[in-house]
Amino acid sequence: MGTFTVCWGNRLEDMATTMFSTLFDAKLDDPLNPCCIVTNSNIMEAWLHHHFVFDWDRRHDRILANCSFQLLYPFINDWMNELLIPAAEKPTRRIAKLHPYSIQSLQWRIYKLLKTCGLTSDILKPLSAYLGDNPSDQRRFQLAGRLAVLFDDYQVYRCKELQAWSEKENPSDWQQTLWKMLLDENDKSYAALFAEMKSAKPAVLKTTFNDTYRRIAVFGTTAMPVPYLSFLQDIMAPIVDVDLYLMNPSQEHWFESQTEKTIERKREALIMQDHPLKDDPLMLPDTGHPLLCSLGQALQEHLDLVHQQVDGVNQEDWSESDAGSMLSDLQNSIRANATGETIQEMKGDDHSIRIHICHNPRREVEVLHNHLLQWFTDDELEPRQILVLVTDMDTYAPLIDAVFGSTPPKAKAAIPYEIEGRPSLDETRLQNAFHGILHIATSRFQAPEMLDLLENDAITKAIGLNDEERSAITTLISKAGIRWGIDSAHREAVAEVAMEPFTTWEYGLQRLLTGYALGSEDAISVGDEDAVTLLPVDAAEGASAESLGKLVYFMQRLKHFRTALQHSRKPAAWETTLMELLDAFFVPTNENHSEIATLRTAILGIVPLTKVAKLEHDELPFDVIADFLEKSISARPKQESLTHNAVIFGQLRPMNSRPAEVICLLGLVDGAFPRRDNRPTFDLLKQTRHRGDRSIRRDDRCAFLEAILCARQSLFISYAGRSDTSPAHTPPSIVVQELKDYLRDRYNLKEDDATKLLPIETLHRMQGFNADYFLKKPHRFSYSTVDLAVAKKLAEKAQPASGTEQTKEGQEEATPNLPSDNVQKSEQPAEADDKVTKLTLAALIEFFKNPAKSYYRNVLDIALDIRDDGIAEGDEPLSLGTLEKYQEQDALIKTLKTQNFDETKIDRQAIIQQAKANAHSPLGPAGDEKMEEIIDNTLVWLNAVPKKPESLQMPLKDLLGQARTSENMELPLGSTVLTGTIEHFAIGAEAMQAMARPADIKTKDRIVAWISHLFACANGRPMHTLIIGNDANKATSEYYQPIDAEQAKTHLSTLAQWYKKGQQGVIDFTPETAYAYAATYAKNQKQANATGDQTRPFEDPKQKASAEWNSTNEEHGRKEDMDAWMFHAFGEDGPMERPGFINIAIGVFGPLLQNLADVNEADKNSDAGGE
C-alpha cells in the first residue's frame, strides 16, 4: 500500500532538500524502477537539477539517475487514461488531441453539430442569433473553438454540473443541450472519467502502475484542480507513495485572513443589510498581512482545499530569512502573517528591492543587462543564480536577443542566457510565410505581400533565388508599375467593378518579358479583340533577366494553388493538396527542418481529427482548414535546455518562480499585468465562482507574490513608466503599487519633492549614452563601451563654439538674432592630411544634399531609409502625388526635347497610358482627365519666359532647346583634386548653364547649381548659371553671375574640407534647415545695414531653421526630420543646436546668397540708371 504525504513550507530549497532525502533514503524493492518528480514548469525542473548538483549537502555521494521528470497535467492525463479506461477501449498510444473530449476534437465535433443540427429550436436560438443569417463555415468553426475551450474548463472545474446535465432528459438551456448532443455521440468525457474515480479498484490497477514508478513526488505546485488532487490521493496513493510538496508563504493559519479593505467592505455590507449580528466581530474574518492576502488569494484557496481534502499536513518546514534587508524583512513579515507592524527606518545601503522606471521595453532590457554585469562583478554571482521573468514574452524575447545576443558568445562581457516559452525566430518567420500562402485564395496579390513571401529563405530556396536577385526583383516590380491583382478578371472579382489591366501582375510581367525580348520600349498591341496597348519595360538584363524568370515561375505556382484552394475538398484530399503546396514552396534546410516538420504534423492532423468528428467523408471549405492550421502551428514554444549555467528568462506566471539570489521582473506596467479575466457572461465560472476556480488575474497576482518570496538577495522590478515620444507618465501595475504602498507605510518612505519618486525608485534616461551613466550617479551606471564612446562624442560636441558668451553656470547662451561676424570665421574645417585625393564633382554635390546619408551609406555601409530602393506599393493610385506629377512632367519635357519642342507631335493617349502603366496616374476617366491637365500645364510652363537674367528674355522651351557642350574639367584644391563635367551652351559670347525642374526650386537644386557654378568659374570659365522652377505654371528663376576664379576656388576648398570632415562623422548640416538659417541671417544683416540699427528685433534665424526641420510645424511638403538619415543623426532637436551648425550653414550658403544679392542690387542700379 502506498501513502499520500503532504509537506509544505515557506522556502522551496528546504523542501527540495527534504524531497531528495526522502527519495534516496527510501527502501528499494526494485532498483530498476525509477522515481518520478512532477513539476508544473520547465524552469522549476531545471532548478531542481541545479539544487541537487550545487546546493544539496548530501550530493557528494549521490547521482540523479533513474529519476523521471514530468509535467503535472500531461502526467495525470496520461495515467488517468492508462488506469481508468478499459484496455479494449484504449488506443495503443495515447494521443491527447484525439480524445473525443480534447479541445481540438471538441472543436470539430461542435462544428459538425452547428452545421448539421439546424439550430432551429428555441433552446438553441442564442447560438443561431450569434451566427446570424447565412453564417460562413469559418464563423461556425471559430464559435466551435470558443465553445470547446468552455467545455474543457467545465470538465475540470464543473464536473458536478456536467454530471447533472447528463442525467437531465430535457435540458433547459443551449449549453446543456449542446453537451447532451456531444454525450449522445460519445459518453466518455473527462467529467465522466473523474466521476468514476471513486469506484476504481486500486487492487486491479496496482500491477500496471507499481511496475512503472517506485515513488512519486509532486513539487512546487501552487494551483491544482480538485479532480487532479483527488486522482493523486484516491487513485495513485493507494498504489504507490505520493508526496506533495507545496509552498506555503505563512507559518500562521491564514486561509480565512483578508485585507483590511476587504473586511471593511464586508462590514459595510452587513450594515447595509441591517444584519442582526452586524456588530459581532466573529461575523468578520481575521486581518492578515496586506500583501499576502491581496496577492495570494489563488494560493490561499489552493492550500485550503488541500488542507481540507487530505485532512491535515504531514510535515511542515519553516525557516526565517536572514535579517538585515528590506526584502528579507518583507519575507519574514509574510511568514508571520504580521499586521500592524511598527515603522522601521530604511538603511541607506539597502538595495534589496529596487523599482526601475524606463522609457520603453528596450531600455528595460538594457538597464537589466548593466545590472547583471554589476552583480557578476561586484557580488560574484553566477548566471544560474539569476532569474528574469517578463509579462509578455512576445514583446521581450526579440529585445532580449537584440541586447544580450549582440555580444559574441565567447566574448568576455557575454552573458549566457536561455529563453523559456518563446517561439523560435525561424519558426515564426516560416509560419508567417505559410500563413501568407494559405491566404492566397482570398488575397488581392498586393506587391508588398508577394515580396514579403520572397523574404523567407525556405521559399527563395524552393525557387532558386538569392539575396541579390531578391533586390533585383523589387526593382523590376517597381519599374513595371505592379500594384495588385493577378489580372483584370481577378481584380474585377475582388473590386466588383471593371478595371483597366494596368498595374496587375499579368500586365506588369508582360511588360518586363516583352521589354527583355524586344530590347525596346515601343508600345505594341496585345490581343485580337479588345486589344490592349502594351508598353514594354526594358529593365531586365544580365542577372536580372534570370531573376525575372524565377519571379514568373513563382507567380505561376501561386496562381495554380490559388485555384486549388478555392474549392471544397474531403479531408484526405486537403492533406494531399497541402502537402504538395508545402513541397512546392518550402525546402528544408539545417535551420528550418524542425519547423517544416511542425507544418507537416499540423497538416497530417486534419484527417485523424475529422475522423473523431465523423467528418472524414464531408467536403470542407478551405477557410475552415486554414483556420485550423493557423491555430495548430501558432507560436509553438521552442524547447530550450535550461540546465546550463545561464540566466533564465521566462514568463511571469504561477509556478515559474524558483529560488534565486536575484529575481528580475520586467514589463510591470499598468494594463499589461495582471491580465484580465475575459470570460463570456454565460460562462458558469463567471456566473458563480467556486473556491479553486481558475482566474487569470488571480494567477498573475500570485505569480508576483511567488517572485517576492523566492528572491534571496535582490528583487529587481522595472516598467516603461515614461514615453519616448511625449511627456506622458504611465503608472506601474497595481501589484507594484501595492508593494510601494506597503513599503512606504512600513519604512516611512517619503517622495522626492522634485521627481515624486520614492527612495527605492530610479528613473532612467531615455538613451543609454546619457552622461549620467558614466558620472557615478546613484543607481545609474553602464558597462557599455559603445555608449561611453557616444557619450564622450556628445560631450565634445556640447562644448560651446568659440565666440559665444558663457553664463556663470557655464551654459551657452541662446544664439542672438544677429550673430556677430566672428561666427562665420570660427571653426573652419582643417585639412585632414597632405595626401592628394581625387574627388568627383558629383560626389561633392551628393554629399551636401545629405551629409548624414553620405556618411552612413558610403562610409559605414548602413542602410536606414528602405524607401530609397523603390519598394512597390500595394494599391493603385487614387490621385497623382507630387512626386508622380513631377515624374510625368519631367518625362514629357524629355520627350518634347527629342522632338524639338514641337507640340503637334505630342501623343496624348500614349502619355496617359504610360502614366497608368507606371502606376503614376489613377485608372479610368479620372486618370485621363488629370493627365490631360498635367500636359496642358506643362506646355504653359514651357512657353513661359523667365524674368532673370534680362539678357535671356526667351520662352523656356527655347532655352532648354539650346545645343549643349560637355567639358571635362580638373581643379587642384590643396590636397584634393576635384574632377567633373560641365554642360553649357553659348548665348552670344557668354557661357550659360541652365537647370530646369517643373517644381518649386529646392535647396538641393541650389546646391547642384551653385557647386557646378563655382567649379566652372574656378576653372577660369566665367559662367552664367540659371535655375528655373515652376510656380503655378509660371517660370520662376534664380540667377548666379560669374565670380572671380580665385574666389570660387576658395569657396570650393572650404566645401572640399567639410567633405573630408564628413568622412569621419556627420557634420552639423542639413540643406533646407541650413538654408533657412542663412537666408534669414542674411536678410537681417541687410536690414540692419540699411537702417544702421543693430539692436532692433529681427526674425530669429533658428526659429526659421526649426520650421524647416520639424514636421510638427509643417504647412506643406516634407520636412527634414522625416528623413531617416537626418533624423538618425540629429534626433528630434535637429542640427540647429549643434556647435558647428551656424558656421557651416553660413559658410555654404553665405557666398550663394551674396551672389543673389549682388545680382538684385545690379538690377536695381540698372533700373535707376535707366530712369
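Taking helices (runs of 4 or more DSSP H) that do not extend beyond region 99-196, which have at least 1 residues that are of a type outside the set (S, T, N, Q) and exposed (fewer than 15 other Cβ atoms within 10 Å of the Cβ)?
Because the criterion is at least 1 residues that are of a type outside the set (S, T, N, Q) and exposed (fewer than 15 other Cβ atoms within 10 Å of the Cβ), the helices (runs of 4 or more DSSP H) in region 99-196 that meet it are 125-131, 137-157, 159-167, 174-185, 190-196.
Search region 749-766 for residues being part of a strand (DSSP E or B) and not hydroxyl-bearing (Ser, Thr, Tyr), and hand back the single one that is surrounded by the fewest Cβ atoms within 10 Å (Cβ to Cβ).
Among them, the one singled out is 763.
I need every pair where a residue in region 393-415 that is closer than 16 Å to residue 783 by Cα has its Cβ under 8 Å from the Cβ of a residue that is of a type in the set (D, E, K, R) and at pLDDT 90 or above, sequence separation at least 6 or different chains.
Matching pairs, first to second residue: 403/362; 403/366.
Going by the conditions given, is residue 77 at pLDDT below 85, in contact with a Pro (Cβ under 7 Å, 6 or more places away or on another chain) and of a type outside the set (A, V, I, L, M, F, W, C)? Outline the logic, then answer.
On the way: at pLDDT below 85: yes; in contact with a Pro (Cβ under 7 Å, 6 or more places away or on another chain): no; of a type outside the set (A, V, I, L, M, F, W, C): yes.
The answer is no for residue 77.
Please enumerate the residues belonging to region 376-409 that are part of a loop (DSSP other than H, G, I, E, B) and of a type in the set (Asp, Glu).
Answer for region 376-409, where residues must be part of a loop (DSSP other than H, G, I, E, B) and of a type in the set (Asp, Glu): 379, 380, 382, 392.
For region 479-510, what are the residues that are buried (at least 19 other Cβ atoms within 10 Å of the Cβ) and small (Gly, Ala, Ser)?
480, 481, 485, 508 - these are the residues of region 479-510 that are buried (at least 19 other Cβ atoms within 10 Å of the Cβ) and small (Gly, Ala, Ser).
For region 1103-1119, enumerate the residues that are at pLDDT below 85 and assigned to a helix (DSSP H, G or I).
1111, 1112, 1113
Has region 721-731 got any residue that is aliphatic (A, V, I, L, M), closer than 19 Å to residue 652 by Cα, in the same structural domain as residue 664 (by TED's automatic domain parsing) and under 27 Å from the mean Cα position of the chain (by Cα)? Explain how you work it out, then say what you get.
Our first condition is that a residue be aliphatic (A, V, I, L, M); within region 721-731, this holds for 728.
Next, from what is left, pick out any that are closer than 19 Å to residue 652 by Cα: none.
Taking every residue of region 721-731 in turn, none turns out to be aliphatic (A, V, I, L, M), closer than 19 Å to residue 652 by Cα, in the same structural domain as residue 664 (by TED's automatic domain parsing) and under 27 Å from the mean Cα position of the chain (by Cα).
Residues checked against (1) of a type outside the set (D, E, K, R); (2) buried (at least 19 other Cβ atoms within 10 Å of the Cβ); (3) touching a His at 6+ places or on another chain (Cβ under 7 Å); (4) closer than 23 Å to residue 1023 by Cα:
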| residue | (1), (2), (3), (4) |
| --- | --- |
| 1120 | no, yes, no, no |
| 1125 | yes, yes, no, no |
| 1136 | yes, yes, no, no |
| 1141 | yes, yes, no, no |
| 1145 | yes, yes, no, no |
| 1148 | yes, yes, no, yes |
| 1155 | yes, yes, no, yes |
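Residues are listed down the side, and each one gets a yes or a no for (1) outside any helix (DSSP H, G or I); (2) under 31 Å from the mean Cα position of the chain (by Cα); (3) not assigned by TED's automatic domain parsing to the domain that holds residue 510:
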{"residue": "533", "(1), (2), (3)": "yes, no, no"}
{"residue": "552", "(1), (2), (3)": "no, no, no"}
{"residue": "563", "(1), (2), (3)": "no, no, no"}
{"residue": "566", "(1), (2), (3)": "yes, no, no"}
{"residue": "572", "(1), (2), (3)": "no, no, no"}
{"residue": "575", "(1), (2), (3)": "no, no, no"}
{"residue": "583", "(1), (2), (3)": "no, yes, no"}
{"residue": "594", "(1), (2), (3)": "no, yes, no"}
{"residue": "608", "(1), (2), (3)": "no, no, no"}
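State all residues of region 310-343 that are assigned to a loop (DSSP other than H, G, I, E, B) and of a type in the set (Val, Ile, Thr); if no residue qualifies, say none. Walk me through how you get there before you give the answer.
Residues of region 310-343 that are assigned to a loop (DSSP other than H, G, I, E, B), as a first pass: 310-314, 318-325, 336-343.
Within region 310-343, 310, 313, 339, 342, 343 meet the criteria.
For residue 971, work out the one condition from (1) at pLDDT below 90; (2) closer than 24 Å to residue 850 by Cα it doesn't fulfil.
Checking residue 971 against (1) at pLDDT below 90; (2) closer than 24 Å to residue 850 by Cα, the one that fails is (1).
Which residue is surrounded by the most Cβ atoms within 10 Å (Cβ to Cβ), if the candidates are limited to region 1001-1035 and must be at pLDDT below 85 and outside any strand (DSSP E or B)?
By that ranking, first place goes to 1033.
Would you check which residues across region 900-919 are free of Cβ contacts under 8 Å to residues at least 60 places away in the same chain and either under 20 Å from residue 535 (Cα atoms) or among the hydrophobic types (A, V, I, L, M, F, W, C) (or both) and list them?
Scanning region 900-919 gives 905, 906, 907, 908, 909, 911, 912, 915.
Filter region 337-364 for residues that are at pLDDT 90 or above and surrounded by fewer than 17 Cβ atoms within 10 Å (Cβ to Cβ) and give the result.
Within region 337-364, 360 is the sole residue that qualifies.
Within region 711-740, take every residue that is among the charged types (D, E, K, R) and either in contact with a Ser or Thr (Cβ under 6 Å, 6 or more places away or on another chain) or under 20 Å from residue 672 (Cα atoms) (or both) and give me the one that is surrounded by the fewest Cβ atoms within 10 Å (Cβ to Cβ).
724
Please go through region 497-536 and pick out each residue that is at pLDDT below 80 and of a type in the set (Val, Ile, Thr).
If the condition is that a residue be at pLDDT below 80 and of a type in the set (Val, Ile, Thr), then 497, 524, 526, 532, 533 are the ones that fit.
Check whether at least one residue in region 367-375 is in the same structural domain as residue 731 (by TED's automatic domain parsing), outside any loop (DSSP other than H, G, I, E, B) and farther than 30 Å from residue 725 by Cβ, and report yes or no.
Yes, there is a match, as at least one residue in region 367-375 is in the same structural domain as residue 731 (by TED's automatic domain parsing), outside any loop (DSSP other than H, G, I, E, B) and farther than 30 Å from residue 725 by Cβ.
If residue 427 satisfies every condition in (1) surrounded by fewer than 19 Cβ atoms within 10 Å (Cβ to Cβ); (2) part of a helix (DSSP H, G or I); (3) at pLDDT below 85 but one, which is the exception?
Condition (1) is where residue 427 drops out.
Taking the condition of being surrounded by fewer than 17 Cβ atoms within 10 Å (Cβ to Cβ) and either more than 14 Å from residue 558 (Cβ to Cβ) or outside the structural domain of residue 534 (by TED's automatic domain parsing) (or both), how many residues in region 445-469 meet it?
The number of residues fulfilling the criteria is 7.
What are the pairs, 6+ residues apart or on separate chains, where a residue within region 773-792 that is at positive phi has its Cβ under 6 Å from a residue that is buried (at least 16 other Cβ atoms within 10 Å of the Cβ) and outside any helix (DSSP H, G or I)?
779/762
Can you tell me which condition residue 599 does not meet? The list is (1) outside the structural domain of residue 396 (by TED's automatic domain parsing); (2) buried (at least 21 other Cβ atoms within 10 Å of the Cβ); (3) modelled with pLDDT of 90 or more, and all the others hold.
(3)
Considering region 843-853 alone, what residues qualify as being more than 28 Å from the chain's Cα centre (by Cα) and either part of a helix (DSSP H, G or I) or at pLDDT 95 or above (or both)?
843, 844, 845, 846, 847, 848, 849, 851 - these are the residues of region 843-853 that are more than 28 Å from the chain's Cα centre (by Cα) and either part of a helix (DSSP H, G or I) or at pLDDT 95 or above (or both).
Can you name every residue in region 742-757 that is among the hydrophobic types (A, V, I, L, M, F, W, C) and free of Cβ contacts under 8 Å to residues at least 40 places away in the same chain?
754
Report every pair of residues separated by at least 6 positions or lying on different chains whose Cβ atoms are under 6 Å apart, first residue within region 573-593 and touching a residue at least 12 places away in the same chain (Cβ under 8 Å), second of a type in the set (Val, Ile, Thr) and exposed (fewer than 14 other Cβ atoms within 10 Å of the Cβ).
Qualifying pairs under 6 Å: none.
Would you pick out the residues in region 1-32 that are assigned to a loop (DSSP other than H, G, I, E, B), surrounded by fewer than 17 Cβ atoms within 10 Å (Cβ to Cβ) and either modelled with pLDDT of 75 or more or not assigned by TED's automatic domain parsing to the domain that holds residue 310 (or both)? Can you show your working first?
First, the residues of region 1-32 that are assigned to a loop (DSSP other than H, G, I, E, B): 1-3, 10-11, 26-32.
From what's left, surrounded by fewer than 17 Cβ atoms within 10 Å (Cβ to Cβ): 1, 3, 26-32.
Scanning region 1-32 gives a single hit, 3.
Give the number of residues within region 930-986 that are aliphatic (A, V, I, L, M), over 21 Å from residue 1021 (Cα atoms) and part of a loop (DSSP other than H, G, I, E, B).
The number of residues fulfilling the criteria is 3.
The values are calculated or read from the model by the stated rules, or taken from the named source; none is laboratory data. Computed from a predicted model, the values in this text were never measured in an experiment. Reconstructed Cβ throughout: ideal geometry from the backbone, glycine too, with neighbour counts over all protein chains shown.
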